[in-house]
Number of protein chains: 2
Amino acid sequence: MARRHNDPARTREQILAKATDEFARLGFEGGRVDRIAARCNLSKNMLYYYFHSKEKLFVAVLERMYERMRDQQRDLAVRTSDPAVALEQLIRYTFNAFRDDPTIIRLMNEENKHKGKYLKKSQRVRDLYGPLLETLTFVIERGCKDGVFRPNLDPVTIYLMFCALCYHYLSNQFTLEIALGRDMSSESAQQRWVDQIVEVMSLHCLAGSPSLRKIA
Amino acid sequence: MARRHNDPARTREQILAKATDEFARLGFEGGRVDRIAARCNLSKNMLYYYFHSKEKLFVAVLERMYERMRDQQRDLAVRTSDPAVALEQLIRYTFNAFRDDPTIIRLMNEENKHKGKYLKKSQRVRDLYGPLLETLTFVIERGCKDGVFRPNLDPVTIYLMFCALCYHYLSNQFTLEIALGRDMSSESAQQRWVDQIVEVMSLHCLAGSPSLRKIA
DNA sequence: AGTCGTCTTGACTAGTTAGTCAATAAACGG
DNA sequence: CCGTTTATTGACTAACTAGTCAAGACGACT
(Lines give C-alpha, C1' and ligand atoms only; values in the text may rest on other atoms or scores of the structure.)
Protein backbone atom coordinates (compact mmCIF):
# COMPACT_ATOMS: atom_id res chain seq x y z
CA MET A 1 0.00 0.00 0.00
CA ALA A 2 2.01 2.95 -1.30
CA ARG A 3 0.97 6.26 0.20
CA ARG A 4 -0.96 8.43 -2.16
CA HIS A 5 0.62 11.62 -3.31
CA ASN A 6 -2.47 13.61 -2.51
CA ASP A 7 -3.99 12.60 0.78
CA PRO A 8 -5.47 15.69 2.35
CA ALA A 9 -6.84 14.05 5.51
CA ARG A 10 -3.51 12.41 6.23
CA THR A 11 -1.60 15.63 5.51
CA ARG A 12 -3.86 17.64 7.80
CA GLU A 13 -3.47 15.14 10.63
CA GLN A 14 0.29 15.05 10.22
CA ILE A 15 0.53 18.83 10.42
CA LEU A 16 -1.64 18.82 13.54
CA ALA A 17 0.49 16.10 15.16
CA LYS A 18 3.83 17.79 14.48
CA ALA A 19 2.42 21.19 15.44
CA THR A 20 1.20 19.74 18.74
CA ASP A 21 4.69 18.51 19.46
CA GLU A 22 6.33 21.78 18.44
CA PHE A 23 4.01 24.06 20.42
CA ALA A 24 4.10 21.80 23.48
CA ARG A 25 7.88 21.82 23.56
CA LEU A 26 8.53 25.44 22.67
CA GLY A 27 5.31 27.33 23.24
CA PHE A 28 3.38 29.46 20.77
CA GLU A 29 6.06 32.11 20.35
CA GLY A 30 8.90 29.61 20.39
CA GLY A 31 7.25 27.30 17.89
CA ARG A 32 8.35 27.77 14.27
CA VAL A 33 6.04 27.14 11.33
CA ASP A 34 9.02 26.37 9.11
CA ARG A 35 10.16 23.66 11.48
CA ILE A 36 6.70 22.09 11.64
CA ALA A 37 6.58 22.05 7.83
CA ALA A 38 10.07 20.57 7.58
CA ARG A 39 9.21 17.78 10.02
CA CYS A 40 6.17 16.93 7.93
CA ASN A 41 8.30 16.94 4.77
CA LEU A 42 5.87 19.46 3.39
CA SER A 43 6.20 22.96 2.09
CA LYS A 44 5.21 25.63 4.57
CA ASN A 45 2.34 26.70 2.38
CA MET A 46 0.38 23.63 3.41
CA LEU A 47 0.06 24.92 6.96
CA TYR A 48 -1.48 28.08 5.59
CA TYR A 49 -3.64 26.17 3.11
CA TYR A 50 -5.20 24.12 5.91
CA PHE A 51 -5.00 26.45 8.91
CA HIS A 52 -4.63 29.98 7.48
CA SER A 53 -2.30 31.32 10.19
CA LYS A 54 0.04 30.29 12.98
CA GLU A 55 -2.52 31.42 15.53
CA LYS A 56 -5.37 29.40 14.00
CA LEU A 57 -3.07 26.38 13.82
CA PHE A 58 -2.37 26.79 17.52
CA VAL A 59 -6.09 27.01 18.31
CA ALA A 60 -6.65 23.84 16.25
CA VAL A 61 -3.90 22.13 18.26
CA LEU A 62 -5.61 23.14 21.52
CA GLU A 63 -9.01 21.95 20.30
CA ARG A 64 -7.58 18.63 19.24
CA MET A 65 -5.88 18.16 22.60
CA TYR A 66 -9.14 18.67 24.49
CA GLU A 67 -10.94 16.33 22.09
CA ARG A 68 -8.28 13.68 22.61
CA MET A 69 -8.59 14.03 26.40
CA ARG A 70 -12.36 13.70 26.23
CA ASP A 71 -12.23 10.70 23.90
CA GLN A 72 -9.76 8.88 26.15
CA GLN A 73 -11.90 9.67 29.20
CA ARG A 74 -14.86 8.14 27.41
CA ASP A 75 -12.98 4.85 27.15
CA LEU A 76 -12.47 4.78 30.92
CA ALA A 77 -14.99 2.42 32.46
CA VAL A 78 -15.35 2.34 36.22
CA ARG A 79 -17.12 -0.94 36.88
CA THR A 80 -16.79 -1.29 40.63
CA SER A 81 -19.69 -0.55 42.92
CA ASP A 82 -17.39 0.57 45.76
CA PRO A 83 -17.15 4.39 45.65
CA ALA A 84 -13.77 4.41 47.44
CA VAL A 85 -12.24 2.04 44.89
CA ALA A 86 -13.84 4.02 42.06
CA LEU A 87 -12.30 7.24 43.39
CA GLU A 88 -8.90 5.58 43.51
CA GLN A 89 -9.27 4.42 39.91
CA LEU A 90 -10.19 7.91 38.75
CA ILE A 91 -7.16 9.39 40.51
CA ARG A 92 -4.75 6.83 39.03
CA TYR A 93 -6.27 7.32 35.61
CA THR A 94 -5.78 11.10 35.86
CA PHE A 95 -2.13 10.78 36.85
CA ASN A 96 -1.40 8.28 34.09
CA ALA A 97 -3.13 10.44 31.48
CA PHE A 98 -0.98 13.46 32.37
CA ARG A 99 2.18 11.35 32.54
CA ASP A 100 1.65 9.43 29.30
CA ASP A 101 0.91 12.53 27.22
CA PRO A 102 3.12 15.40 28.42
CA THR A 103 1.80 17.69 25.70
CA ILE A 104 -1.41 18.13 27.69
CA ILE A 105 0.33 19.83 30.61
CA ARG A 106 2.63 21.94 28.44
CA LEU A 107 -0.18 23.17 26.19
CA MET A 108 -2.40 24.01 29.15
CA ASN A 109 0.45 25.94 30.78
CA GLU A 110 1.02 27.78 27.54
CA GLU A 111 -2.64 28.66 27.30
CA ASN A 112 -2.69 29.93 30.88
CA LYS A 113 0.40 32.02 30.18
CA HIS A 114 -1.77 33.82 27.63
CA LYS A 115 -4.68 34.03 30.11
CA GLY A 116 -6.92 31.81 28.01
CA LYS A 117 -6.67 34.13 25.01
CA TYR A 118 -6.59 31.40 22.34
CA LEU A 119 -9.02 29.01 23.98
CA LYS A 120 -11.58 31.81 24.02
CA LYS A 121 -11.20 32.11 20.24
CA SER A 122 -12.30 28.52 19.77
CA GLN A 123 -15.97 27.96 18.94
CA ARG A 124 -16.40 24.39 20.11
CA VAL A 125 -14.90 24.80 23.57
CA ARG A 126 -17.97 24.28 25.75
CA ASP A 127 -18.29 21.19 27.88
CA LEU A 128 -14.67 20.29 28.11
CA TYR A 129 -13.81 18.05 31.04
CA GLY A 130 -16.78 15.89 30.26
CA PRO A 131 -16.77 12.15 30.95
CA LEU A 132 -14.35 11.97 33.89
CA LEU A 133 -16.08 14.68 35.86
CA GLU A 134 -19.47 13.12 35.12
CA THR A 135 -18.27 9.76 36.41
CA LEU A 136 -16.76 11.39 39.49
CA THR A 137 -20.03 13.21 40.17
CA PHE A 138 -21.89 9.91 39.92
CA VAL A 139 -19.38 8.12 42.18
CA ILE A 140 -19.53 10.83 44.83
CA GLU A 141 -23.31 11.00 44.80
CA ARG A 142 -23.52 7.28 45.41
CA GLY A 143 -20.78 7.38 48.03
CA CYS A 144 -22.60 10.09 49.95
CA LYS A 145 -25.95 8.33 49.69
CA ASP A 146 -24.44 5.03 50.89
CA GLY A 147 -22.81 6.75 53.83
CA VAL A 148 -19.34 5.67 52.66
CA PHE A 149 -18.38 9.26 51.90
CA ARG A 150 -19.07 12.17 54.14
CA PRO A 151 -22.05 14.32 53.15
CA ASN A 152 -22.00 17.48 51.02
CA LEU A 153 -18.88 16.71 49.00
CA ASP A 154 -18.54 18.89 45.92
CA PRO A 155 -17.37 16.84 42.90
CA VAL A 156 -15.65 19.80 41.23
CA THR A 157 -13.68 20.58 44.39
CA ILE A 158 -12.61 16.95 44.71
CA TYR A 159 -11.61 16.91 41.06
CA LEU A 160 -9.61 20.12 41.44
CA MET A 161 -7.79 18.66 44.41
CA PHE A 162 -6.47 15.44 42.91
CA CYS A 163 -6.00 17.12 39.55
CA ALA A 164 -3.72 19.68 41.23
CA LEU A 165 -1.79 16.94 43.03
CA CYS A 166 -1.24 14.99 39.79
CA TYR A 167 -0.60 17.97 37.55
CA HIS A 168 1.81 20.01 39.67
CA TYR A 169 4.08 17.04 40.39
CA LEU A 170 4.52 16.29 36.69
CA SER A 171 4.51 19.87 35.43
CA ASN A 172 7.14 21.09 37.89
CA GLN A 173 9.24 17.93 37.91
CA PHE A 174 12.41 19.62 36.70
CA THR A 175 12.58 22.67 38.95
CA LEU A 176 11.49 20.60 41.95
CA GLU A 177 14.15 18.01 41.26
CA ILE A 178 16.79 20.75 41.18
CA ALA A 179 15.44 22.73 44.13
CA LEU A 180 14.63 19.86 46.47
CA GLY A 181 17.30 17.47 45.27
CA ARG A 182 14.73 14.71 45.27
CA ASP A 183 14.01 12.04 42.69
CA MET A 184 10.75 12.89 40.95
CA SER A 185 11.10 11.14 37.62
CA SER A 186 11.67 7.48 38.43
CA GLU A 187 8.81 5.03 38.10
CA SER A 188 8.94 4.16 41.81
CA ALA A 189 8.98 7.78 43.01
CA GLN A 190 5.93 8.53 40.89
CA GLN A 191 4.19 5.39 42.11
CA ARG A 192 4.77 6.44 45.72
CA TRP A 193 3.40 9.90 44.98
CA VAL A 194 0.18 8.58 43.45
CA ASP A 195 -0.27 6.36 46.48
CA GLN A 196 0.02 9.45 48.67
CA ILE A 197 -2.58 11.26 46.58
CA VAL A 198 -4.97 8.33 46.88
CA GLU A 199 -4.42 8.24 50.63
CA VAL A 200 -5.02 11.93 51.27
CA MET A 201 -8.05 12.10 48.98
CA SER A 202 -9.60 8.95 50.43
CA LEU A 203 -9.13 10.29 53.93
CA HIS A 204 -10.80 13.53 52.86
CA CYS A 205 -13.80 11.87 51.26
CA LEU A 206 -14.49 8.92 53.56
CA ALA A 207 -17.00 9.26 56.36
CA GLY A 208 -15.70 8.85 59.88
CA SER A 209 -13.12 11.59 59.49
CA PRO A 210 -14.00 14.49 61.76
CA SER A 211 -14.79 17.83 60.13
CA LEU A 212 -12.20 20.43 61.05
CA ARG A 213 -14.28 23.48 60.30
CA LYS A 214 -14.68 24.32 63.99
CA ILE A 215 -10.94 24.77 64.47
CA ALA A 216 -10.87 27.80 62.16
CA MET B 1 17.17 64.31 44.89
CA ALA B 2 17.51 64.29 41.14
CA ARG B 3 18.43 60.91 39.70
CA ARG B 4 22.00 60.70 38.57
CA HIS B 5 22.72 60.28 34.93
CA ASN B 6 25.08 57.43 35.62
CA ASP B 7 23.68 55.10 38.23
CA PRO B 8 24.77 51.59 37.34
CA ALA B 9 23.17 49.76 40.27
CA ARG B 10 19.84 51.43 39.62
CA THR B 11 20.06 50.73 35.89
CA ARG B 12 20.88 47.08 36.45
CA GLU B 13 17.98 46.64 38.86
CA GLN B 14 15.58 48.34 36.48
CA ILE B 15 16.58 46.06 33.63
CA LEU B 16 16.14 43.03 35.86
CA ALA B 17 12.71 44.21 36.99
CA LYS B 18 11.37 44.90 33.50
CA ALA B 19 12.94 41.71 32.16
CA THR B 20 11.22 39.72 34.92
CA ASP B 21 7.89 41.20 33.85
CA GLU B 22 8.54 40.59 30.16
CA PHE B 23 9.70 36.97 30.50
CA ALA B 24 6.96 36.10 32.98
CA ARG B 25 4.25 37.40 30.64
CA LEU B 26 5.64 36.15 27.34
CA GLY B 27 8.18 33.47 28.13
CA PHE B 28 11.80 33.32 27.06
CA GLU B 29 11.12 33.00 23.34
CA GLY B 30 8.23 35.47 23.42
CA GLY B 31 10.14 38.07 25.42
CA ARG B 32 11.82 40.80 23.37
CA VAL B 33 15.04 42.47 24.40
CA ASP B 34 14.10 45.62 22.47
CA ARG B 35 10.87 45.90 24.43
CA ILE B 36 12.66 45.46 27.76
CA ALA B 37 15.11 48.21 26.79
CA ALA B 38 12.31 50.50 25.64
CA ARG B 39 10.42 50.09 28.91
CA CYS B 40 13.56 50.99 30.81
CA ASN B 41 14.06 54.05 28.60
CA LEU B 42 17.49 52.71 27.85
CA SER B 43 19.31 51.71 24.73
CA LYS B 44 19.35 47.99 24.09
CA ASN B 45 23.11 47.91 24.45
CA MET B 46 22.76 48.28 28.21
CA LEU B 47 21.19 44.83 28.48
CA TYR B 48 24.23 43.41 26.71
CA TYR B 49 26.62 45.55 28.74
CA TYR B 50 25.24 44.15 32.01
CA PHE B 51 24.03 40.68 31.03
CA HIS B 52 25.91 39.78 27.82
CA SER B 53 23.05 37.87 26.18
CA LYS B 54 19.31 37.28 26.28
CA GLU B 55 19.88 33.86 27.78
CA LYS B 56 22.13 35.14 30.59
CA LEU B 57 19.59 37.87 31.31
CA PHE B 58 16.92 35.19 31.64
CA VAL B 59 19.10 33.16 34.01
CA ALA B 60 19.68 36.31 36.09
CA VAL B 61 15.91 36.84 36.21
CA LEU B 62 15.41 33.27 37.45
CA GLU B 63 18.12 33.64 40.09
CA ARG B 64 16.64 36.88 41.32
CA MET B 65 13.17 35.33 41.58
CA TYR B 66 14.45 32.49 43.78
CA GLU B 67 16.38 34.97 45.91
CA ARG B 68 13.24 37.09 46.32
CA MET B 69 11.25 34.01 47.34
CA ARG B 70 13.85 33.02 49.89
CA ASP B 71 14.15 36.52 51.32
CA GLN B 72 10.40 36.82 51.75
CA GLN B 73 10.26 33.39 53.38
CA ARG B 74 12.90 34.53 55.83
CA ASP B 75 10.59 37.34 56.98
CA LEU B 76 7.87 34.81 57.77
CA ALA B 77 7.82 34.20 61.51
CA VAL B 78 5.68 31.40 62.87
CA ARG B 79 5.32 32.21 66.55
CA THR B 80 2.63 29.79 67.67
CA SER B 81 3.50 26.65 69.59
CA ASP B 82 0.50 24.77 68.16
CA PRO B 83 1.75 22.69 65.19
CA ALA B 84 -1.71 22.55 63.60
CA VAL B 85 -2.01 26.35 63.63
CA ALA B 86 1.56 26.69 62.37
CA LEU B 87 0.80 24.37 59.44
CA GLU B 88 -2.23 26.46 58.57
CA GLN B 89 -0.14 29.62 58.63
CA LEU B 90 2.46 28.09 56.31
CA ILE B 91 -0.23 27.01 53.86
CA ARG B 92 -1.89 30.44 53.81
CA TYR B 93 1.49 32.11 53.41
CA THR B 94 2.32 29.88 50.43
CA PHE B 95 -0.96 30.63 48.67
CA ASN B 96 -0.62 34.38 49.24
CA ALA B 97 2.98 34.38 48.01
CA PHE B 98 1.99 32.73 44.72
CA ARG B 99 -1.08 34.95 44.35
CA ASP B 100 0.65 38.24 45.14
CA ASP B 101 3.55 37.68 42.76
CA PRO B 102 2.27 35.91 39.64
CA THR B 103 5.70 36.09 38.02
CA ILE B 104 6.86 33.22 40.26
CA ILE B 105 4.43 30.73 38.77
CA ARG B 106 4.91 31.90 35.20
CA LEU B 107 8.71 31.80 35.39
CA MET B 108 8.70 28.36 37.01
CA ASN B 109 6.38 27.06 34.30
CA GLU B 110 8.65 28.54 31.67
CA GLU B 111 11.66 26.90 33.24
CA ASN B 112 9.92 23.53 33.38
CA LYS B 113 8.93 23.90 29.74
CA HIS B 114 12.66 23.93 29.05
CA LYS B 115 13.22 20.96 31.39
CA GLY B 116 15.31 23.02 33.80
CA LYS B 117 17.83 23.91 31.11
CA TYR B 118 18.47 27.47 32.29
CA LEU B 119 18.32 26.82 36.03
CA LYS B 120 21.07 24.24 35.57
CA LYS B 121 23.27 26.93 34.04
CA SER B 122 23.06 29.00 37.20
CA GLN B 123 25.94 28.64 39.67
CA ARG B 124 24.25 29.73 42.88
CA VAL B 125 21.19 27.50 42.61
CA ARG B 126 21.77 25.15 45.54
CA ASP B 127 19.57 25.28 48.59
CA LEU B 128 16.61 26.95 47.04
CA TYR B 129 13.37 26.46 48.99
CA GLY B 130 15.16 27.28 52.18
CA PRO B 131 13.42 28.95 55.10
CA LEU B 132 9.84 27.78 54.59
CA LEU B 133 10.76 24.13 54.23
CA GLU B 134 13.02 24.39 57.28
CA THR B 135 10.20 25.86 59.34
CA LEU B 136 7.81 23.20 58.09
CA THR B 137 10.29 20.48 59.01
CA PHE B 138 10.58 21.93 62.50
CA VAL B 139 6.80 22.22 62.89
CA ILE B 140 6.19 18.65 61.75
CA GLU B 141 8.90 17.24 63.98
CA ARG B 142 7.37 18.91 67.01
CA GLY B 143 3.85 17.91 65.97
CA CYS B 144 4.88 14.27 65.66
CA LYS B 145 6.75 14.31 68.95
CA ASP B 146 3.79 15.93 70.75
CA GLY B 147 1.43 13.34 69.32
CA VAL B 148 -0.65 16.05 67.63
CA PHE B 149 0.42 14.84 64.19
CA ARG B 150 0.55 11.23 63.14
CA PRO B 151 4.00 9.64 63.15
CA ASN B 152 6.39 9.34 60.20
CA LEU B 153 5.20 12.39 58.25
CA ASP B 154 7.67 13.46 55.59
CA PRO B 155 8.02 17.28 55.47
CA VAL B 156 8.91 17.38 51.77
CA THR B 157 5.85 15.31 50.88
CA ILE B 158 3.62 17.59 52.95
CA TYR B 159 5.18 20.63 51.32
CA LEU B 160 4.68 19.17 47.84
CA MET B 161 1.04 18.51 48.63
CA PHE B 162 -0.08 21.96 49.72
CA CYS B 163 2.28 23.57 47.22
CA ALA B 164 0.55 21.65 44.43
CA LEU B 165 -2.88 22.65 45.73
CA CYS B 166 -1.93 26.34 45.89
CA TYR B 167 0.07 26.44 42.66
CA HIS B 168 -2.21 24.56 40.29
CA TYR B 169 -5.29 26.57 41.24
CA LEU B 170 -3.55 29.85 40.46
CA SER B 171 -1.48 28.67 37.50
CA ASN B 172 -4.43 27.10 35.66
CA GLN B 173 -7.02 29.67 36.66
CA PHE B 174 -7.87 30.67 33.12
CA THR B 175 -8.32 27.31 31.42
CA LEU B 176 -10.17 25.94 34.45
CA GLU B 177 -12.50 28.90 34.50
CA ILE B 178 -13.33 28.29 30.83
CA ALA B 179 -13.51 24.50 31.08
CA LEU B 180 -15.45 24.20 34.33
CA GLY B 181 -17.40 27.45 34.07
CA ARG B 182 -16.58 28.13 37.68
CA ASP B 183 -15.41 31.35 39.35
CA MET B 184 -11.76 30.94 40.25
CA SER B 185 -10.54 34.54 40.36
CA SER B 186 -12.75 36.29 42.91
CA GLU B 187 -11.40 36.98 46.37
CA SER B 188 -14.11 34.84 47.99
CA ALA B 189 -13.62 31.85 45.67
CA GLN B 190 -9.91 31.87 46.42
CA GLN B 191 -10.54 32.21 50.15
CA ARG B 192 -12.84 29.18 50.06
CA TRP B 193 -10.19 27.20 48.18
CA VAL B 194 -7.46 27.94 50.71
CA ASP B 195 -9.84 26.89 53.49
CA GLN B 196 -10.30 23.58 51.67
CA ILE B 197 -6.55 23.12 51.38
CA VAL B 198 -6.11 23.78 55.08
CA GLU B 199 -8.87 21.30 55.86
CA VAL B 200 -7.55 18.45 53.75
CA MET B 201 -3.94 18.96 54.85
CA SER B 202 -4.87 19.19 58.52
CA LEU B 203 -6.91 16.02 58.26
CA HIS B 204 -3.96 14.30 56.64
CA CYS B 205 -1.44 15.39 59.27
CA LEU B 206 -3.43 15.19 62.47
CA ALA B 207 -3.30 12.06 64.59
CA GLY B 208 -6.56 10.21 65.12
CA SER B 209 -7.17 9.82 61.40
CA PRO B 210 -6.97 6.15 60.47
CA SER B 211 -4.21 5.10 58.09
CA LEU B 212 -5.61 3.82 54.82
CA ARG B 213 -2.63 1.85 53.70
CA LYS B 214 -4.33 -1.49 54.37
CA ILE B 215 -7.08 -0.75 51.85
CA ALA B 216 -4.63 -0.87 48.95
C1' DA C 1 -8.28 13.85 -24.01
C1' DG C 2 -9.65 18.01 -21.91
C1' DT C 3 -11.41 20.67 -18.13
C1' DC C 4 -12.13 21.82 -13.39
C1' DG C 5 -11.37 21.99 -8.59
C1' DT C 6 -8.39 20.34 -5.04
C1' DC C 7 -3.74 19.87 -3.38
C1' DT C 8 1.13 21.12 -3.43
C1' DT C 9 5.29 23.64 -4.24
C1' DG C 10 9.49 27.08 -5.16
C1' DA C 11 10.63 31.57 -4.83
C1' DC C 12 9.90 35.71 -2.70
C1' DT C 13 9.21 39.68 0.79
C1' DA C 14 8.55 42.88 4.35
C1' DG C 15 9.22 43.19 8.94
C1' DT C 16 11.53 41.67 13.08
C1' DT C 17 15.19 40.19 16.24
C1' DA C 18 19.39 39.14 18.81
C1' DG C 19 23.58 40.84 18.83
C1' DT C 20 27.79 44.18 17.37
C1' DC C 21 30.82 48.34 16.70
C1' DA C 22 32.66 52.60 17.11
C1' DA C 23 32.02 56.77 19.26
C1' DT C 24 30.75 59.60 23.20
C1' DA C 25 29.85 61.29 27.97
C1' DA C 26 30.22 61.08 32.67
C1' DA C 27 32.86 59.92 37.00
C1' DC C 28 37.26 59.31 39.18
C1' DG C 29 42.00 59.27 40.62
C1' DG C 30 46.16 61.73 40.69
C1' DC D 1 42.79 69.46 34.82
C1' DC D 2 44.20 65.57 32.37
C1' DG D 3 44.10 60.61 31.37
C1' DT D 4 41.78 56.39 32.46
C1' DT D 5 38.00 53.63 33.59
C1' DT D 6 33.07 53.02 33.64
C1' DA D 7 28.38 53.90 31.49
C1' DT D 8 25.71 54.95 27.70
C1' DT D 9 24.22 55.65 23.02
C1' DG D 10 23.01 55.71 17.65
C1' DA D 11 23.56 53.25 13.70
C1' DC D 12 24.13 48.98 11.74
C1' DT D 13 23.72 43.86 10.25
C1' DA D 14 23.07 39.15 9.37
C1' DA D 15 19.89 35.85 10.16
C1' DC D 16 15.39 34.59 10.76
C1' DT D 17 10.16 34.48 10.49
C1' DA D 18 5.28 34.69 9.42
C1' DG D 19 2.92 35.15 5.60
C1' DT D 20 2.11 35.71 0.14
C1' DC D 21 1.91 34.77 -4.92
C1' DA D 22 1.72 32.65 -9.07
C1' DA D 23 2.28 28.53 -11.14
C1' DG D 24 2.32 23.51 -11.45
C1' DA D 25 0.60 18.54 -10.54
C1' DC D 26 -2.72 15.34 -9.36
C1' DG D 27 -7.35 13.12 -9.39
C1' DA D 28 -12.14 12.99 -10.91
C1' DC D 29 -15.62 13.53 -14.01
C1' DT D 30 -17.22 14.09 -18.60
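The values are calculated or read from the model by the stated rules, or taken from the named source; none is laboratory data. All of these numbers come straight from a predicted model, not from anything done at the bench. Cβ: placed from backbone, ideal geometry, glycine included. Neighbour counts: every protein chain shown. All accessible areas refer to the heavy atoms of the entire protein, side chains included, with ligands and DNA or RNA removed. Shrake-Rupley method; radii C 1.70, N 1.55, O 1.52, S 1.80 Å.
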Square roots of 5 times each gyration tensor eigenvalue, C-alpha, the range A:1-52, largest first, Å: 21, 11, 9
Bins of 5 Å from zero: percent of alpha-carbon pairs in the range A:111-194: 3, 11, 14, 15, 15, 16, 14, 10, 3, 0
Shielding of B:156-169 by partner chains, average beta-carbon count, 10 Å: 6
Cα Rg over Rh - the protein assembly as shown, Kirkwood: 1.00
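Per DSSP helix of 4 or more residues, -39500 (n - 2.57); summed, then divided by the residues of chain B. What does that give at 222 nm, rounded to the nearest 500? Please report the intermediate quantities before stating the final value.
Details: 11 runs with 153 residues, N = 216.
That calculation yields -23000 deg cm²/dmol at 222 nm.
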Cα centroid of the range B:1-66 to Cα centroid of the range B:138-194, whole Å: 33 Å
Percent of Cα-Cα distances greater than 26 Å, calculated over the range A:22-136: 31 percent
Inter-copy separations for A:Ser185, label at 7 Å along Cα-Cβ, nm, ascending: 3.6
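At a 1.4 Å probe radius, carbon and sulfur cover how many percent of the accessible area of the protein assembly as shown? Before the final figure, lay out the partial values.
Values: 10430 of 21140 Å².
Of all accessible area on the protein assembly as shown, carbon and sulfur atoms account for 49 percent.
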Helix axis angle, A:187-205 relative to chain A longest principal axis, alpha carbon, degrees: 50 degrees
Label-point separation, B:Asn152 to A:Thr103 (7 Å along Cα→Cβ), nm: 4.2 nm
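Can you work out D for chain B in µm² s⁻¹ from Stokes-Einstein, where Rh is the Kirkwood radius over C-alpha pairs, the temperature is 37 °C and the viscosity is 0.692 mPa s? Mind showing how you got there, number by number?
Values: Rh = 19.7 Å.
This corresponds to a translational diffusion coefficient of 167 µm²/s.
If you count, for each residue, the other Cβ atoms within 10 Å and average over each peptide, how do B:71-84, B:30-43 line up from highest to lowest?
Values: B:71-84: 13.5, B:30-43: 15.6.
Taking the mean over residues of other Cβ atoms within 10 Å, the ranking is B:30-43, B:71-84.
What does the buried accessible surface come to for A and B, summed over both chains, with the probe at 1.4 Å? Round to 100 Å².
Approximately 5500 Å² gets buried when A meets B.
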Dipole axis of the range B:16-138 (+1 Lys, Arg; -1 Asp, Glu on Cβ), positive-most option in B:Ser43, B:His114, B:Thr103: B:Ser43
Nearest 10 degrees, 0 to 90: helix B:155-171 Cα axis against chain B principal axis: 60 degrees
Chain-alone versus full-assembly comparison, the range B:28-54, residues with accessible loss of at least 50 Å² (1.4 Å probe): B:Glu29
Rule-of-thumb Rg ratio for the range B:127-176 [Cα; 2.2 N^0.38 Å; N residues]: 1.40
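I'd like the mean, over residues of A:115-124, of how many other protein chain beta carbons sit within 10 Å of each residue's own Cβ. List each step's numbers first, then the result.
Numbers: counts 5, 8, 1, 0, 5, 2, 0, 1, 0, 0.
The mean count of partner-chain Cβ atoms within 10 Å per residue comes to 2.
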Inter-site label distance for A:Asp195 and A:Asp71 at 7 Å from Cα along Cβ, in nm: 3.6 nm
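Give the average, rounded to an integer, of partner chain Cβ atoms located within 10 angstrom of each Cβ in B:86-96.
0
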Other-chain or far-sequence residues with amide H under 5 Å of B:Phe149's (modelled H): B:Cys144, B:Ala207
Aspartates and glutamates whose Cα lies under 20 Å from that of A:Lys56, excluding same-chain neighbours fewer than 8 positions away: A:Glu13, A:Asp21, A:Glu22, A:Glu29, A:Asp34, A:Glu67, A:Glu110, A:Glu111, B:Glu29
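Rounding to the nearest 20 debye, state how big the charge dipole of the range B:1-52 is about its Cα centre with +1 on each Lys and Arg Cβ and -1 on each Asp and Glu Cβ. Present the calculation step by step, with values, prior to reporting the outcome.
Details: 10 positive and 6 negative charges, 38 e Å.
For this selection, approximately 180 debye.
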Proximal charge balance of A:Leu176 [Cβ under 13 Å; K/R count +1, D/E count -1]: -1
